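This report concerns only the one structure given below.
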Amino acid sequence: MNKDITNKFIPSFDLTGQIRLLQNQLTDCYCKVLSNGSFILDKNVKEFECSISKLCQVDYGIGVASGSDALYLSLIGCGIAPGDEVITTPFTFIATANSITRAGAKPVFVDIDTKTWNINPELIEEKITSKTKAIMPVHLYGCPCKMDSIVSIAKKYKLKIIEDSAQAIGSKYQDKSIGSFGDTGCFSFYPTKNLGAFGDGGMIVTNDSKIAEKLLLLRSNGAKIKYYHDILGFNSRLDELQASILNVKLKYLNQWTVKRRNIAKLYNELLYPRIIDGKLPIQLPIEPENAYHVYHQYTIQAMDRNKLKSYLEQAGIGSTIYYPKPVHLQRAYIQLNYKLCDFPVTERACNEVLSLPMFPELTEDEAIRVANSIISFYAQ
Ligand SMILES: *Cc1c(COP(=O)(O)O)cnc(C)c1O
């Protein structure tokens, strides 16, 4: 093999292939929006809201400024208020907990499952108090949470569910779309997400007409009719340019997801036999029963994670740690008084997880090189 090809750096994530493929269509979007001269909440946003609600098999889609805002507006839309408690996971991007704090409520953490790294439903009930108003599960890495258990707990205690689906667009649990289990489902179109804009963007999906109506007000300064403000609202809108780009990219989402799943399958096939042989002290991601995983990340849990990461870097392979520090131990949350050992599964994951290169354009040869490097690291 040519040495240059062998040593070519494999990034953890790369958008350039996708942009090259869509260059003409995307330039076209830009020109059309410019010539229309309408930039906020017009036909491109409506079309995109309609497509996402269809994809999620729900009645309403409401475009907002970001995934973070989708979570925050959902909480306000569901009536979460200061003094309330919202149950969530400490093993997530901090925006999950921040949305709860921003709503004036208190995030109450529950440790995660060892195999999926998602919130462990068996530990939720013991954290429910008279102040608990909602559960915010996160479908981490694109892997669906155990929604049947979470929905039945929420029903039993009359809690709202706000799904943080930022990493999981297109994923399914028991043949039902992620985002459609909760009172609302929240998506992010941050550029590196499975469906990414060229800037920030978000979407809330819901089947509840009352919540949908409130969200429409909340995103537009509380007004349904311009300059007549019924409630205290915000400015949180998806813009026409981002929506037009997302309309183009959405057509490819399914095939991109299939490619991600094929890469995950290949990683599994290359690594699993070595684990069985006792040669690889790592844990692979799983696709739970009745789940359709969209592999936003392909994440392993590995012994000597930091050394493995450096070794891969030396071999010209990028990898990323999502997340090196759990939310409950972040300085921003010092006031909650959590301490080390409060959530042992989460804390261990923070020390051991590593996300391998994963994006639709990653080639089979590159995936093989990644797997071989992991194998040779542990063979040393
Ligand atoms: C990306 C992400 C968010 C926030 O989305 P933004 O669009 O960046 O505001 C929230 N939760 C999780 C789990 C995410 O990965």
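Please tell me if S35 is farther than 17 Å from G182 by Cβ and surrounded by fewer than 17 Cβ atoms within 10 Å (Cβ to Cβ). Walk me through how you get there before you give the answer.
Numbers: farther than 17 Å from G182 by Cβ: yes; surrounded by fewer than 17 Cβ atoms within 10 Å (Cβ to Cβ): yes.
The answer is yes for S35.
Determine which member of the set I286, I263, I300 is assigned to a helix (DSSP H, G or I) and at pLDDT 95 or above. Before you say what the answer is, go through the steps one by one.
Values: I286 fails: assigned to a helix (DSSP H, G or I); I300 fails: assigned to a helix (DSSP H, G or I).
Of I286, I263, I300, the one residue that is assigned to a helix (DSSP H, G or I) and at pLDDT 95 or above is I263.
Quick one: would you say L140 is of a type in the set (A, V, I, L, M) and more than 18 Å from the chain's Cα centre (by Cα)? Steps first, please.
Numbers: of a type in the set (A, V, I, L, M): yes; more than 18 Å from the chain's Cα centre (by Cα): no.
So L140 fails the test.
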For the stretch 129-142, enumerate the residues that are surrounded by fewer than 18 Cβ atoms within 10 Å (Cβ to Cβ) and either closer than 23 Å to Q301 by Cβ or of a type outside the set (S, T, N, Q) (or both).
K131
Restricting to the stretch 268-283, and then to whatever is part of a helix (DSSP H, G or I) and free of Cβ contacts under 8 Å to residues at least 40 places away in the same chain, can you tell me which residue is surrounded by the fewest Cβ atoms within 10 Å (Cβ to Cβ)?
I276
Picked from the stretch 199-226 (must be surrounded by fewer than 24 Cβ atoms within 10 Å (Cβ to Cβ) and within 13 Å of the ligand (Cβ to nearest atom)), the residue farthest from G61 (Cα to Cα) is G199
Every residue in the stretch 155-168 that is within 11 Å of the ligand (Cβ to nearest atom) and assigned to a loop (DSSP other than H, G, I, E, B), please.
S165, A166, Q167, A168
Write out, first by first residue and then by second, each pair whose Cβ atoms fall under 8 Å of each other, whose residues are 6+ apart or on separate chains, and whose first residue, in the stretch 205-217, is of a type in the set (S, T, N, Q) while the second is part of a strand (DSSP E or B).
T206/Y60; T206/I62; T206/T184; T206/G185; N207/Y60; S209/Y60
Need a quick list: strands (runs of 3 or more DSSP E) entirely within the stretch 180-241 having at least 3 residues that are under 30 Å from F13 (Cα atoms).
184-188, 202-206
Only one of (1) hydroxyl-bearing (S, T, Y); (2) more than 18 Å from the chain's Cα centre (by Cα); (3) surrounded by fewer than 22 Cβ atoms within 10 Å (Cβ to Cβ) is not met by S244, so which one is it?
(3)
Within the stretch 46-85, restricting to residues that are within 16 Å of the ligand (Cβ to nearest atom), of a type in the set (V, I, T) and not in a strand (DSSP E or B), the one that is surrounded by the fewest Cβ atoms within 10 Å (Cβ to Cβ) is I76
Is it the case that some residue within the stretch 120-128 is surrounded by fewer than 24 Cβ atoms within 10 Å (Cβ to Cβ), among the basic types (K, R) and part of a helix (DSSP H, G or I)?
yes
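Do we have any residue at all in the stretch 101-108 that's under 16 Å from A212 (Cβ atoms), touching a residue at least 40 places away in the same chain (Cβ under 8 Å) and not aliphatic (A, V, I, L, M)?
First, the residues of the stretch 101-108 that are under 16 Å from A212 (Cβ atoms): none.
No, the stretch 101-108 contains no residue that is under 16 Å from A212 (Cβ atoms), touching a residue at least 40 places away in the same chain (Cβ under 8 Å) and not aliphatic (A, V, I, L, M).
Could you please find all residues in the stretch 338-357 being under 19 Å from I275 (Cβ atoms) and not β-branched (V, I, T)?
Start the filter on the stretch 338-357 by keeping residues that are under 19 Å from I275 (Cβ atoms), which leaves 348-349, 352-356.
Correct list: R348, A349, E352, L354, S355, L356.
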If you go through A95, A103, the only one that is small (G, A, S) and either crowded, with 24+ Cβ neighbours inside 10 Å or over 30 Å from N247 (Cα atoms) (or both) is A103
Being in contact with a Leu (Cβ under 7 Å, 6 or more places away or on another chain) and free of Cβ contacts under 8 Å to residues at least 12 places away in the same chain is the requirement here; does K265 meet it?
no
Within the stretch 65-85, is there a residue that is among the charged types (D, E, K, R) and under 27 Å from Q297 (Cβ atoms)?
yes
Per the filter on the stretch 342-369, residues over 19 Å from G318 (Cα atoms) and either surrounded by fewer than 19 Cβ atoms within 10 Å (Cβ to Cβ) or at pLDDT below 95 (or both) are D342, P344, V345, R348
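The values are calculated or read from the model by the stated rules, or taken from the named source; none is laboratory data. None of the values given here were measured: they were computed from a predicted structure. Positions of Cβ are generated from backbone atoms using ideal geometry, with glycine treated the same way; all protein chains shown enter the neighbour counts.
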